[in-house]
Amino acid sequence: MSQSLEARKLSILEYLAEIEDEAVIVQIENILKPKVDFWDELTDEQKESIRRGEKDFEEGRKVSFKQFLEERRSRQK
């Protein structure tokens with residue numbers, strides 16, 4: 001017969017109490033922590049820059065990645 005949910009949780013807690021490996025603890029924390037949307041971590045200036053880039057793209061003001069790299073390289077000379 002399978003263990004009850006409460007018994008399984010207690011078993012997990014006992015296992016966690018015995019873990020000594022920091023890497024395992026970090027992995028468990030990453031699983032249990034609520035995920036944060038990167039957008040919420042950006043500054044207002046960063047958000048505005050992204051919005052300007054989106055608007056430029058929507059309005060056709062864009063260059064290919066190859067062209068961007070070529071322009072950057074020519075500026076560095």
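Which lysines does Lys77 reach when only Cα atoms under 30 Å apart count, and residues fewer than 8 places away in its own chain are ignored?
The qualifying lysines are Lys62, Lys66.
With only Lys, Arg, Asp and Glu charged, each at its Cβ (+1 for the first two, -1 for the last two), find how big the charge dipole of the chain is about the Cα centre; round to the nearest 20 debye.
Values: 15 positive and 19 negative charges, 165 e Å.
The dipole magnitude comes to about 800 debye.
Compare Lys47, Lys33, Lys66 in a GNM of the chain, Cα atoms joined below 10 Å, and give the one with the largest fluctuation.
Highest fluctuation of the listed residues: Lys66.
Restricting to DSSP loop positions (anything but H, G, I, E, B) with no more than 13 other Cβ atoms inside 10 Å of their own Cβ, which GluC sites (Glu not before Pro) remain in the chain?
Answer by residue number: Glu20, Glu59.
Values in this text are rule-based calculations from the coordinates and carry no lab data. The shown structure was predicted, so the numbers you read here are calculated from the model rather than taken from an experiment. Positions of Cβ are backbone-derived with ideal geometry, glycine not excepted, and every protein chain shown enters the neighbour counts.
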